[in-house]
Amino acid sequence: MVCWLAALCMHAGAQQKQPIDYVDPFIGTSNSRWMLFPGATMPNGMVKLSPDNQRSVWQGGYEYSIGSIHGFSHVHGWTMAGLLTMPANGDLALTPGLPDDPFKGAGAGYHSRFRHEDEKASPGYYSVFLLDPQVKAELTATERTGVQRYSFPADSSNRVMIQLNLPSEYGIELKDAQIVKVSDSEVAGYARTVAAGFNDYCLYFVMQFSKPFRSFNGFTGRGVQTGDTVTAQDGIGAYVSFPMARPGQVLLRTGISFVSAAQARLNLQEELKDFGWDFDAIAAHSRSVWSRLLSTIIVAGGSEENKTKFYTNFYRCFTAKMIMSDVNGKYRDACEQVQQLPRGRKVMIGGDAYWNSFWNLNLLWSLSTPDLVEQLVDTQLELFEKTGWLSKGPAGIEYSGIMEGSHQMALMTSAYRKGIVTKNAKTAYAAMKKHVTVEPQPLCGGSPGNPQISVYAAKGYMPVEKGVASKTLDYAYDDWCVAQMAQLLHKEKDYQFFLNRSASWKHAFDTTLGYVVPRKADGSFITGFDRFSVNHFIEGNSWQYSFYVPHDVPGLIRLMGRERFLNRLQEGFKKSEFHRFAAHALDRTQGQSAEYYINHGNEVNMQAAYLFNYAGRPQLTQYYTRKILDTFYDASPYVGWNGDEDEGQMGAWFVISALGLFEMNGGTAADQRVDLTSPLFREARIRLNNAYYKGKEFVIRVHNYSPEHIYIRSAALNGKTLKGNYIRFNDIVNGGLLELHMTATPDPQP
């Protein structure tokens, strides 16, 4: 009897779900970006091997509501795509095919229908049964290799299609490409590509097969080509055949590089040397890496759906960034020169802009993966040392110039403030100072720096004749970040100068109206001002940007007046609740009347709920953060995020807010304030990295826990009652216990 009970208990323990088991990569795939996909990747992997089924359209890639797949491509980075493969048989088709193309006969592509019940995805693994060729396709990956397993039926026409031009979110223009038969079990090639007008890169690949193929053929837009080499600029592809008298499997393993074919082969050899052709072992390794990362934060209590949302959003914070260097540290810089990382620097990481990621991604990365923070800072330092500038978003290690301001400097300042990075501080400061003092010029086909910084410096704001009004606010925050670095290095003169200039945000305000109003070079404000117009603002409007001063919220409240500040903010939240806080700004120049306030679906407005903390209404912060967690985010493939999830900031907002935490100024200030709100779970344990922090674990424990108990009645840190609605970053990383006593009734407003 005792043995039977013990066995039962062991079985129950074995069945307990781990954090990784809550991740659902299909969430949000019906309205997500190219960089957010259901396929296989490693954290920040170079290879992002995933199914595609859309045209070259905005939010292209995989659309959950489309019942077909045209192939599995290896690269899903911002403005970067490449190397699509697809198992096929039957009539030969030389194009992938679009969703509304036929699946058989004239005009058909090699795409295939599938059913979602035949599809599975988890971190590091994806599989689907393709109905038309009757093939099960399975995908997994290491950092720089993609591995696939195709289970073919008995069919004399079985083949694997390889395509170098493919539909993607931004589209790709092939300048040169080649596929070569190396042997009867290997092909190799490259695709030289330009995307989004600035990203010039060459993707090299080596693809090996687990068994010899019967034949190799190339094709271009002019049809099938014979021979062992196919070269073209348009419509280039190849296919290899695997006729089978009985069902069998073919494995593909592909190494890629942005440096050379030899480097692609090296990546393949080094990353798969311990696995050989063991697909299951590679998938298990990927799962193990993901599991360790996701287990740095353990939550308990709360609904199963909220755990699914929590860990899926956590996962998404590590799928969009992209390693751009090879296993031996070689990479191509923005000028397409091959560089070698020096000793002590591990990888170069690219991706979209760090636009407003200072609010949540900085804190999440700092707590869960401080080693990644160090790698991101090293990437910026390497860029500066080799080509002279930091980068807002080094997609392809290029200077994209995307978005306003340079929020990579907030990441860097935060990293040094928190002690995550200590080396090369003087170099970092020199790079940051250059960014806010030197007028940039085009560099190697890209756009570095802060354009019109000299105009901003001279006038104290950005005139509408030179740039958008929101530039003033972003540039002022950049000045703040430089000032904080100057203070760290005891550069008192620079500190005072940039601190004073960081107050330039005030020059963007019409103090009578209490709004940011676009301003002309002669100092006058524009006529016909409309607080909801998106003219002169980047992905937002004046109402939203008038709350956007992350480094000086108390100053903003004084300028606007506390009562007006609170009244406007409450009005905005009340009117946005119907839209689930996802109201998108529309261009009223098209005659549209768009009274839009809170837009959690874009990054400019994601601090709004926490502003109540600074105006003496923490209960409203607690109310609205919970409302956003419950209503803006969901766990379905069709919504997920009601907005533009770029590189994980939207996911990080959920994770950090679900813990009850938030960094208003991105962790750049000396006081390292971390705001508090109502946690989503009964308990959370943050397992801190001992290589960077002294503490071993920080616990957030909720007393009187209930979904209805969203208000904090009292809080204590390590047994000592808190007087304010915040703690410090060091309180977390030193380890300890934060206890929150909850109630369903808010405290009376003062």
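The values are calculated or read from the model by the stated rules, or taken from the named source; none is laboratory data. Given the structure is predicted, the values throughout are model-derived calculations rather than measurements. Here the Cβ positions follow ideal geometry from the backbone for every residue, glycine too, while neighbour counts run over all protein chains shown. For the accessible areas, the whole protein counts, side chains as well, though only heavy atoms, and no ligand, DNA or RNA atoms are used. Shrake-Rupley method; radii C 1.70, N 1.55, O 1.52, S 1.80 Å.
Report, to the nearest whole %, how much of the accessible area of region 236-368 belongs to carbon and sulfur atoms, 1.4 Å probe, protein only. C and S atoms contribute 49 percent here.
Can you give me the % of accessible surface on region 89-226 that is carbon or sulfur? Probe 1.4 Å, all protein chains present, nothing else counted. Kindly include the intermediate steps, with their values, before the conclusion.
On the way: 2360 of 5140 Å².
Of all accessible area on region 89-226, carbon and sulfur atoms account for 46 percent.
Among 205-212, 412-419, 692-699, how do they line up from the highest to the lowest mean number of other beta-carbon atoms within 10 Å?
Numbers: 205-212: 19.8, 412-419: 23.6, 692-699: 15.4.
Ranked from most to least packed, the peptides come out as 412-419, 205-212, 692-699.
How big is the dipole moment of the chain about its Cα centre under a simple scheme where the beta carbon of each Lys and Arg is +1, that of each Asp and Glu is -1, and everything else is neutral? Debye, nearest 20, please. Before the final figure, lay out the partial values.
Numbers: 73 positive and 73 negative charges, 322 e Å.
Dipole magnitude for the chain comes out near 1540 debye.
Residue farthest toward the positive end of the dipole of the chain, with Cβ of Lys/Arg at +1 and Asp/Glu at -1: which of Phe358, Pro123, Pro87? The listed residue farthest towards the positive side: Phe358.
Computed per residue of the chain from DSSP H runs no shorter than four, each worth -39500 (n - 2.57), the mean residue ellipticity at 222 nm is -8000 deg cm²/dmol.
Look at where the Cα atoms of region 401-436 and of region 606-663 average out, and the two centres are 26 Å apart.
Can you order the peptides 113-123, 194-204, 648-658 by their average number of other Cβ atoms within 10 Å per residue, highest first?
Working: 113-123: 15.5, 194-204: 20.3, 648-658: 27.1.
My ranking of the peptides, most packed first, is 648-658, 194-204, 113-123.
Using a 1.4 Å probe on the protein heavy atoms, what percent of the accessible area of region 483-636 belongs to carbon and sulfur? On region 483-636, the fraction of accessible area on carbon and sulfur atoms equals 49 percent. Listed by chain and number, the lysines whose C-alpha is less than 23 Å from the C-alpha of Lys506, apart from same-chain residues fewer than 8 away, are Lys433, Lys459, Lys466, Lys471, Lys493, Lys520. Entry comment: accessible area of the chain is 35 Å² per residue, from protein heavy atoms only and a probe of 1.4 Å.
Ordering Gly302, Thr312, Gln337 by Cα displacement along the dipole of region 280-339 toward the positive end leaves Gly302 in first place; charges were set at the Cβ atoms of Lys, Arg (+1) and Asp, Glu (-1).
Go ahead and run the numbers for FRET between Ser65 and Ser524, Cβ-Cβ distance against an R0 of 51 Å, rounding to 0.05. Before the final figure, lay out each step's value.
On the way: r = 50 Å, r/R0 = 0.98.
After rounding, the FRET efficiency stands at 0.55.
When peptides 682-689, 704-711 are ranked by their average number of other Cβ atoms within 10 Å per residue, the highest-first order is 682-689, 704-711.
Does the chain come out rounded, prolate or oblate by the C-alpha gyration tensor, with a ≥ b ≥ c the root eigenvalues, rounded set by a/c under 1.5 and, if not, prolate when a/b is larger than b/c and oblate if not? Spell out each step's value before the answer.
Working: a/c = 1.77, a/b = 1.42, b/c = 1.25.
Prolate is the answer for the chain, as a/c is 1.5 or above and a/b outweighs b/c.
Let me test this: with uniform point scatterers at the alpha carbons of region 467-559, what is the Debye-based log₁₀ I(q)/I(0) at q = 0.11, 0.21, 0.24 1/Å? At q = 0.11, 0.21, 0.24 Å⁻¹ the computed log10 ratios are -0.33, -0.98, -1.18. Shape of region 544-656 from its Cα gyration tensor (a ≥ b ≥ c, root eigenvalues): rounded if a/c is under 1.5, otherwise prolate when a/b > b/c, or oblate? In terms of gyration-tensor shape, oblate.
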